[in-house]
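Bear in mind that the values in this text are calculations on the coordinates, not laboratory data. None of the values given here were measured: they were computed from a predicted structure. Every residue, glycine as well, gets a Cβ built from its backbone with ideal geometry; the counts of neighbours run over all protein chains shown.
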Amino acid sequence: NILSELNMKKVSFSILVTQQKDHNGELKLTPNGSDKVEFMISTNIGEPLKPLCKIVSGGEVSRIMLALKTILAELDNIPVLIFDEIDTGISGITAQIVAEKLHHISKSHQVICITHLPQIASMAGVHFMIDKESEDDMTKTIVKELDWNNRLFELGRLLGGDVTEITLKHAEEMINKAHKKVKAIN
């Protein structure tokens, strides 16, 4: 299952659908219908299913959203998927797994991903920098496609804050490894 692929190996997931009733026990109709839909999850073996909105961490929410968007995109034939900070609460190997999953999705969909994780940014086919500038009581958002050197610099900045010769070498290594993975996957 997709959650297992996203490093949530012991998770149980269910969707609970109940009909809403009014105070007289009659079917309650609202502009959104009469059904109440609740995602239920257990992230650890031996724990009962509980409402997702009450128990999951930021990293778990990120991976669940990635899983749901992936499934829905295939069912609804959605051509473009936007992931805004899908990296919330994840790092290390889980970030690499999410990056590879995003690449897999990009084979059949246009993927736009806003991220602060170098593992995810290094897998990008094209890398843009989004920046805000304030001048004369106005704020402008600037989107700029990065060439190789600027991409190395930005990835180095994500890796270490201060860009040094070492962070630039690490950034180059990450991008080269990502390109090798992409070739191996394709």
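From the list (i) 20.5, 71; (ii) 17.7, 62; (iii) 15.7, 46, can you say which value of Rg and Dmax of the Cα atoms in Å was derived from the structure given?
Given (i) 20.5, 71; (ii) 17.7, 62; (iii) 15.7, 46, the calculated one carries the label (i).
Could you check the spin-label model distance between MET129 and LEU75? Points 7 Å from the Cα along Cα→Cβ, value in nm.
4.1
Which of the pairs LYS132/LYS177; LYS132/LYS181; LYS21/LYS50 have their Cα atoms more than 23 Å apart in this structure? Write down the numbers at each step before the final one.
Details: LYS132/LYS177 31 Å; LYS132/LYS181 33 Å; LYS21/LYS50 21 Å.
Among LYS132/LYS177; LYS132/LYS181; LYS21/LYS50, the Cα-Cα distance tops 23 Å for LYS132/LYS177; LYS132/LYS181.
How big is the charge dipole of the range 1-90 about its Cα centre, in debye rounded to the nearest 20, if each Lys and Arg gets +1 on its Cβ and each Asp and Glu gets -1 on its Cβ?
Value, rounded to 20: 300 debye.
Counting only residues 5 or more places away or on other chains, whose amide H sits under 5 Å from the amide H of LYS50 once H atoms are built in the peptide plane?
Under 5 Å from the amide H of LYS50: ILE41, SER42.
Distance from the Cα centre of the range 139-186 to that of the range 1-47, in angstrom?
40
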